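The values are calculated or read from the model by the stated rules, or taken from the named source; none is laboratory data. What you see is a predicted model, and the numbers here were worked out from it, not measured in a lab. Counting neighbours? That spans all protein chains shown, and the Cβs are built from the backbone with ideal geometry, glycine included.
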Amino acid sequence: MLFVAVFDPSVIGAYEDLGMEIVGTGYEFGHNDDYQRTTHYVKDGTLIYDDITSFEFEKFVEKVKPDMVGSGIKEKYIFQKMGVPFRQMHSWDYSGHITDTMASQFLLAIWIWRSMLRFGR
């Protein structure tokens, strides 16, 4: 499962192509048309948030326990301290495709974190 903040909801399909399930997504300064467009890309039951606070974000991740979180730099350290794999999204290319290198980084990071959690740190 992946909790991801995206600027372009069409990127969601790229994650799904990698076998990831999106459990939440949102915007910091979204408009009605952003949210309407996003509903076409996510499954029923996916949380779509508006201007989530760090506290709300942390509590959601504690409850849902996604395998990875993708968001902006300000959330990076919260999730690293929680032991949740994190990928900064704002520096990515939003061309609609995730490159093989990016996909490899995702899969490797998930495997490493799962192994660390399973066998202890």
- request: Please state which one of 63, 81, 76, 59 is within 14 Å of the chain's Cα centre (by Cα) and assigned to a helix (DSSP H, G or I).
  value: 76
- prompt: For segment 1-48, what are the residues that are of a type in the set (A, V, I, L, M, F, W, C), touching a Ser or Thr at 6+ places or on another chain (Cβ under 8 Å) and modelled with pLDDT under 80?
  reply: 3, 4, 5, 6, 12
field: Scope segment 22-56; condition surrounded by fewer than 16 Cβ atoms within 10 Å (Cβ to Cβ), part of a helix (DSSP H, G or I) and among the acidic types (Asp, Glu); matching residues
entry: 33, 56
- request: Quick one: count up the residues across segment 76-116 that are modelled with pLDDT of 75 or more, exposed (fewer than 12 other Cβ atoms within 10 Å of the Cβ) and among the aliphatic types (A, V, I, L, M).
  value: 1
